[in-house]
Amino acid sequence: MVTLIPVLAKLRIKNIGLIDSLELSFEKGFTVFTGETGAGKSILLNAIDLLLGGNQVINPSQLLSVDSDICLIEGFFRRNSLVNSWLKQNDFNFEENEFSISREWRLIDGKWKSRSKINGH
């Protein structure tokens with residue numbers, strides 16, 4: 001069976017919502033976020049949405065930590081044939097079995113500025 005969707009292997013979050021620093025690793029299989037109301041499940045899901053370019057769920061400035069001037073979300077994904085094809089078409093050439101997508105916000109002159117990268121580029 002060939003997986004056509006990249007699989008999230010690891011998630012790093014810094015200064016997002018009430019989270020100062022968090023690193024989650026996801027092993028093969030099914031992962032569920034559970035917890036009581038207010039435990040932070042929606043922060044994780046909104047962070048993944050923002051990492052992948054979405055702004056539909058929440059305004060980023062509502063999720064970023066007000067006590068910091070730098071916020072970061074970084075996801076590490078397992079590669080598959082579909083991902084390899086897209087990376088090649090877009091001139092990303094690297095040999096690792098995983099690739100990363102990161103999104104960083106910096107507070108500059110009172111406004112949040114965002115930058116996204118694939119494997120640091």
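The values are calculated or read from the model by the stated rules, or taken from the named source; none is laboratory data. Everything numeric here is computed off the predicted structure, so don't read it as measured data. No Cβ is skipped: glycine too gets one built from the backbone with ideal geometry, and neighbour counts run over all protein chains shown. Areas reflect the complete protein model, heavy atoms only, side chains present, ligands, DNA and RNA absent. Shrake-Rupley method; radii C 1.70, N 1.55, O 1.52, S 1.80 Å.
Some observations on this one:
- Fraction of accessible area attributable to carbon and sulfur, the chain (%, probe 1.4 Å): 51
- Rounded to the nearest Hz, the phi-derived 3J(HN,Hα) couplings of segment 32-40 under the Karplus curve 6.51 cos²θ - 1.76 cosθ + 1.60 (θ = phi - 60°) are 10, 8, 10, x, 6, 4, x, 7, x, where x marks glycine and proline.
- With a Förster radius of 25 Å applied to the beta-carbon distance between residue 34 and residue 10, the computed FRET efficiency rounds to 0.80.
- Accessible area (Å², per residue) of the chain, counting only protein heavy atoms and a probe of 1.4 Å: 68
- Amide proton proximity set for residue 64, modelled H, under 5 Å, gap of 5+: 17
- Near residue 9, the amide H atoms lying under 5 Å from its own belong to 76, 77, 78; only residues 5 or more places off or on other chains count, and H is placed 1.01 Å from N.
- DSSP loop GluC sites (Glu not before Pro) with at most 13 other Cβ within 10 Å excluded, longest remaining stretch of the chain: 37-94
- (i) 42, 37, 24; (ii) 40, 27, 25; (iii) 49, 35, 28, with the label sought being that of the calculated Cα extents along the principal axes in Å: (i)
- Karplus 3J(HN,Hα) series, Hz, for segment 107-118 with 6.51 cos²θ - 1.76 cosθ + 1.60 (x for Gly, Pro): 8, 10, 6, x, 10, 7, 10, 10, 9, 10, 9, 10
- For the chain, adding -39500 (n - 2.57) for each run of n ≥ 4 DSSP H residues and dividing by the number of residues yields -5500 deg cm²/dmol at 222 nm.
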